[in-house]
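Since the structure comes first, as C-alpha cells, the remarks are kept for the end.
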Amino acid sequence: MTDEAAAPPLAGAIAVEISRGVAATHAGRLLCTLGAETVLVEPPQGHPLRREPPLLPPAYEASTLFAFLAAGKKSITCDLTNPAGRVELSALLDEADVLIHDLRPDERVKLDLDEQTLRARYPRLIDVSVLPFGAVGPKADWQAEEINLIHASGEGFLLPNGLAAELFPERPPLKVYGHFAEYQGGVVAALGALSALVGRAQGGAESVDVSIQDAALAVGAFALQRFGDGSLEHRSTRSFKYGGVLECADGYVELLTLEERQWGGLIELMGRPDWMLDPALSDSLERSRRGTEINREVRAWALEQRTADVVARAQALGVPMAKYARPAEVLSDPHEAARHLFQPVEIPGAGRLPVLSTPFHLDGTALPLRAGPPRLGEHQNLLMARRHRERPAIVAEAS
Amino acid sequence: MKPLAGVRIADFTLHAAGPFCTHMLSQLGAECIKIESAARPDIFRKPHPVYGRMGPASFDQVASNKLSVRINLKDAKGIALAKKLVGVSDLVCESFRPGVMERLGLGYDEIAALKPSVVMVSVSSSGQSGPDSHFAGYAPLFGAWGALGYLTGYEDGPPIEMRHAMDHSVGMNAAMAAVAAVYRLRQTGRGGHVDISAREVACSLVGEALLFAAAGGEPARIGNDHLRMAPHGVFRTREEDRWLTIAVRTDDEWRRLAKLIDAPHLLSDPRFETEANRHTHRRVLYGEIEHWTMTHEAGEAERKLQAAGIAAHISCNMKDIAHDRHLRERGTVVDVEDTTGRERAALKAPIRFSKSEVGMTRGTPRLGEDEDYVFGELLGLSREDRDVLIDQQVIY
C-alpha cells in the first residue's frame with residue numbers, strides 16, 4: 001500500500017534546536033527528517049560543528065559532520081547572551097512543539113530556559129535535554145566526548161573482539177568508529193520527544209532528560225544481563241567460537257553460521273573437504289569446542305577466495321556472509337540505490353551530494369530529505385514572521 | 001501515567017532487534033502482547049552453543065514487561081486468531097524475513113485492509129524492498145554491509161564485528177520510527193508501514209563518513225584517534241586491564257592537562273603548541289600522557305581530570321556499571337527479580353520524563369501466561385472456545 005501523497009509523521013510540528021554536541025544535533029536531524037520544521041538556533045559565530053573536520057571539497061566550506069546532521073534544518077542566529085536574543089528565541093518557542101537542547105542545568109537557569117520557566121511560559125512545549133551523563137545525578141556536570149562515553153557505557157571495554165582481539169591482545173580497548181554513542185543519544189532523545197508528543201494529548205507537556213551514557217548502555221543491555229547470569233564479559237573471550245572476520249584475497253568478509261542448515265551450507269561452500277565431514281562435527285556443541293581448529297581451516301580457505309564471488313555463492317547456499325564494505329561500495333550498492341537511502345542535496349561549497357536520509361521507510365518509500373544544511377542565518381526572516389503571525393499560518397507553512 | 005498508555009502492540013518479533021524495539025515501547029507504556037508457540041518459541045528462550053552460552057539465554061532483557069500468548073501460526077485458525085488480535089491493536093511488530101508475513105496472510109496490505117488505522121513495524125536485515133531484501137543476516141553482517149564494521153578497528157588491523165549493540169541499535173531506531181507513526185496515527189487516524197533495515201541502521205551510524213566518501217574522501221580505520229582532537233585515546237593505568245579514556249578539546253584544556261600531569265616541558269615544545277601540531281605528533285604525545293596515567297589508579301586519575309574540567313572516564317566493565325552510583329541514582333540501572341526469584345541488575349528504558357513514568361512493572365512472562373486476559377477479556381473467547389483451540393493445537 002504505497003501512498004506517496006501521505007504526509008510525513010511530524011508534518012505541522014515545529015522543533016527548535018539549541019545544540020553544540022553531536023547527540024542533540026542528531027536528535028534534531030531525526031525530527032526534521034520525520035517532517036518537523038526544525039529551526040537550528042545558532043550563536044552569531046555559528047554552530048561549533050560547522051568547523052569540525054573534515055571539510056568538504058572543493059571549497060572546504062562545509063563540515064561533513066555538520067552537513068550530515070543539519071540537512072533539511074532552518075538556521076537562524078540568535079545571541080542568547082543578550083536580552084534581545086532571548087526575546088527572539090521566545091518568539092520561536094511560543095509556536096514550537098519541541099525544544100531539543102544540550103544546555104547544562106546552570107546555563108538553562110541563566111537563559112530562563114529551566115523547566116519551571118518553560119512550563120509556565122510555553123505550556124505546550126516539550127523540552128528535551130541531551131547531555132553526556134544527563135541532567136541529574138552525581139556526574140551531571142562531568143565533561144565527556146564520544147570516546148569517554150562509549151567506554152562509560154561498557155561497549156568500549158568489550159571491543160575489539162574476534163580477529164582483531166586475537167591479533168592485538170595487548171592493545172587498549174577500541175572505540176567504534178565515529179559517533180556511535182552520541183548517535184544512540186540522538187535516537188533516544190528523538191524517541192523521548194516523540195513519546196512525550198504522544199503523551200501530551202493525555203497528560204500535557206513535560207520535560208525529557210536523556211543521557212548519552214544511558215542511551216549507549218541501553219543498546220549494550222545483554223552484557224549487563226550476562227553479568228546477572230554470573231559472567232563478566234571481556235573482549236578477549238566473547239568472540240564467536242568459529243567464523244567471524246575472514247581475510248580474503250581482496251578484502252574482508254564476515255561469516256556467521258548459527259543454525260544447523262547454515263553449517264551444512266558452509267560445507268558445500270568450501271567444497272566438502274574431508275575434515276568437515278567428520279561425524280563428530282555434526283554436533284554444534286562439538287563444533288563450539290573445536291572452534292579454533294575449525295577457524296584455522298576456514299581462514300586458510302578464505303585467503304584463496306575473492307569477496308564478491310564467495311559472498312554471492314554463500315548467500316545462494318543460505319550461508320550468512322557479507323563483505324566488509326568500504327564506504328564507497330555502500331554508496332554504489334544497487335540495493336541501497338533501490339531503497340533511496342542516499343538522496344542528493346545541495347551543500348554549500350560542495351555541490352549536490354548524496355546524504356543518508358533515515359534507516360527506515362514509511363508508507364513504502366524513504367523519507368525525503370528536503371534540503372541540504374542551511375547557511376548560517378539563512379532563515380533569519382523566520383524570526384520576523386514569527387513575531388507577526390498566528391500559529392495556524394505558521395503551521396500551514398511548516399507543513 | 002506512561003506516555004504510550006493506551007497503545008496496544010501485537011508483537012510477532014523474535015530474537016534481539018525486534019523484541020528490543022517492543023521492549024522499549026512497553027516500558028514507555030504500550031501494552032505489548034508477545035506471540036509465540038510451543039512449536040516455535042523465541043530462540044532466545046533457549047541456550048545457544050555457538051555463543052558458547054550453555055546457561056540461561058539473554059531473554060529477560062528484551063522480554064520482561066510483556067504479556068505472552070501462544071498462537072500456532074502454521075494453522076489457518078491460528079492466523080484467524082492472530083487477525084483478531086491485530087483487530088484490537090494499534091501496532092503490529094514483526095521481524096520475520098521479508099515475505100513471511102505475506103505468506104502467513106498477515107502482510108501489511110491485508111492487515112491494513114482489515115484495519116486501516118494500524119501501524120505495522122517490520123524489522124529485517126536489508127529492508128522489505130530492494131534486490132537484497134531476502135538476505136539472511138545477523139548483527140556482525142549488518143555492520144559489515146553498512147561500512148560501520150569496515151571503519152571500526154585499529155589503523156593497521158582488520159575490520160571489527162558488531163555484536164548485540166548493533167541489534168539493539170536497530171531496535172531503538174525501530175522504536176523511534178514506530179512512535180513517530182503512532183503520533184501521526186493519533187493526529188490523523190492514518191496508519192502506515194514502518195520498514196526498518198538493519199544494514200541501513202549501520203550506515204546511519206557512519207552517515208558523516210559516507211558523505212565524506214561521496215565527496216571523494218577516503219574514510220579509514222583510525223583506532224582510538226579523533227580527526228581533530230589530540231590527546232585523545234585510551235590509556236593504561238597502574239591497575240591491570242583498567243583503562244582510562246581522555247579527550248582534550250581545546251588549547252585551554254591542553255594547558256590544564258599539562259599542568260595537572262606536571263609536564264610544563266610539553267607546553268614549550270613546538271610539536272604540541274597547536275591542536276594541529278599535537279595531532280601530527282599524537283603518538284609521541286600518547287606516551288607522555290600514559291607516563292602519568294601509569295602512575296595512577298584509574299579512578300583517581302579520572303577524578304583529577306574531571307576536577308580540571310577535562311573529559312575523562314574509566315573504561316567500564318559491567319560490574320562497574322551494575323554498581324555505579326550515578327546510573328543507580330538516575331534509575332538507569334535497577335534491580336529486578338528473574339524467573340528463578342534471584343535479584344540482578346537490569347536496565348530501564350533510557351529516558352526520564354518529568355511527569356510520566358517509564359520502566360518495567362513485571363518480569364519475563366512464561367509462555368502463554370496471559371491468555372486469560374488476552375484471549376478471554378480482550379478477544380472475548382469463552383473458556384470452552386479456548387479449550388477447543390487448545391485441543392486443536394491452535395493455541396499451542
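The values are calculated or read from the model by the stated rules, or taken from the named source; none is laboratory data. The structure presented is a predicted model; accordingly, all values stated were derived computationally and were not measured. Heads up, the Cβs are rebuilt from the backbone with ideal geometry, glycines too, and the neighbour counts pull from every protein chain shown. SASA here: full protein model, heavy atoms, side chains in, ligands and nucleic acids out. Shrake-Rupley method; radii C 1.70, N 1.55, O 1.52, S 1.80 Å.
Between the stretch A:309-355 and the stretch A:144-210, the C-alpha centres lie 24 angstrom from each other.
If only the Cβ of Lys and Arg carry +1 and only the Cβ of Asp and Glu carry -1, the dipole of chain A around its Cα centre is close to 400 debye. Compared with the alpha-carbon gap, the fully stretched path from residue A:272 to residue A:231 is longer by 11.1 nm at 0.36 nm per residue.
What is the extension gain from residue A:7 to residue A:380, computed as 0.36 nm multiplied by their sequence separation minus the C-alpha to C-alpha distance, in nm to one decimal? Could the numbers behind the result be given before it?
Details: separation 373, 0.36 × 373 = 134.28 nm, distance 2.62 nm.
Stretched out fully, the residue A:7 to residue A:380 stretch lengthens by 131.7 nm.
Under 12 Å from the Cβ of residue B:315, count the other residues' Cβ atoms, weight Lys and Arg +1, Asp and Glu -1, and hand me the total. Each step should come with its number before you reach the end.
On the way: positive: A:175, A:235, B:236, B:242; negative: A:155, B:239, B:241, B:302, B:320.
Surrounding charge for residue B:315 is -1.
Each part reduced to its alpha carbon centroid, the stretch B:307-352 and the stretch A:113-142 end up 21 Å apart.
Its residue count N sets the reference 2.2 N^0.38 Å, and the alpha-carbon radius of gyration of the protein assembly as shown equals 0.92 times that reference. Computed from the C-beta positions of residue B:357 and residue B:325, the FRET efficiency with R₀ = 25 Å rounds to 0.65.
Considering only B:245, B:294, B:258, the residue lying farthest towards the positive end of the dipole of the stretch B:232-319 is B:245, judged by Cα position with unit charges set on Cβ.
Given +1 on the Cβ of Lys and Arg, -1 on the Cβ of Asp and Glu, and no further charges, what dipole in debye does the protein assembly as shown carry about its Cα centre, rounded to the nearest 20? Walk me through the numbers on the way to the answer.
On the way: 89 positive and 106 negative charges, 142 e Å.
For this selection, approximately 680 debye.
Neighbouring Cβ atoms from other chains, within 10 Å of the Cβ of residues in A:21-31, number 1 on average.
Residue by residue along B:327-336, Cβ atoms of other protein chains within 10 Å of the local Cβ number 5 on average.
Pop the C-beta distance of residue A:20 and residue A:201 into the FRET formula with R0 = 25 Å and round what comes out to the nearest 0.05. Result of the calculation: an efficiency of 0.20.
Distance between the pseudo-spin-label points of residue A:249 and residue A:299 (7 Å out from Cα toward the beta carbon): 2.1 nm.
Using the Cβ-Cβ distance between residue B:387 and residue B:110 with R0 = 25 Å, the FRET efficiency computed as 1/(1 + (r/R0)^6) comes to roughly 0.30.
So what's the net charge close to residue B:350: Lys and Arg +1, Asp and Glu -1, counting the other residues with Cβ under 13 Å from its Cβ? Provide the component values of the computation, followed by the final result.
Working: positive: B:330, B:348, B:352; negative: A:209, A:214.
Residues close to residue B:350 contribute a combined charge of +1.
The order of the peptides B:352-363, A:194-205, B:196-207, A:126-137 by mean Cβ neighbours within 10 Å, most packed first, is B:196-207, A:126-137, A:194-205, B:352-363.
Between residue B:259 and residue A:82, the distance separating the two model label sites (each 7 Å from Cα on the Cα→Cβ line) works out to 3.2 nm.
Taking 20 Å as the cut-off, the amide N atoms of the stretch B:153-169 that come nearer than this to a point 7 Å along the Cα-to-beta-carbon line of residue B:218 belong to B:153-160. For the peptide A:198-207, the mean number of other protein chain Cβ atoms found within 10 angstrom of a residue's Cβ is 6. Spin-label model, residue B:77 to residue B:40: label points 7 Å out along the Cα-to-beta-carbon direction sit 1.9 nm apart.
For the residue pairs A:139/A:175; B:66/B:115; B:34/B:66, the C-alpha atoms sit more than 18 angstrom apart in A:139/A:175; B:66/B:115.
For the ranges A:230-242, A:290-302, A:30-42, A:159-171, what's the packing order if you count other beta-carbon atoms within 10 Å of each residue, average per peptide, and put the highest first? Don't skip to the answer; put the middle values down first.
Values: A:230-242: 17.5, A:290-302: 15.7, A:30-42: 27.2, A:159-171: 19.2.
My ranking of the peptides, most packed first, is A:30-42, A:159-171, A:230-242, A:290-302.
Within 11 Å, Cβ to Cβ, of residue B:98, how many net charges do the neighbouring residues add up to if Lys/Arg are +1 and Asp/Glu are -1? Please report the intermediate quantities before stating the final value.
On the way: positive: B:97, B:103; negative: B:94, B:102, B:132, B:195.
Summing Lys and Arg as +1 and Asp and Glu as -1 gives -2.
Quick one: with all protein chains in place, what share of the accessible area of chain B is carbon or sulfur, to the nearest percent (1.4 Å probe)? Roughly 50 percent, rounded to a whole number.
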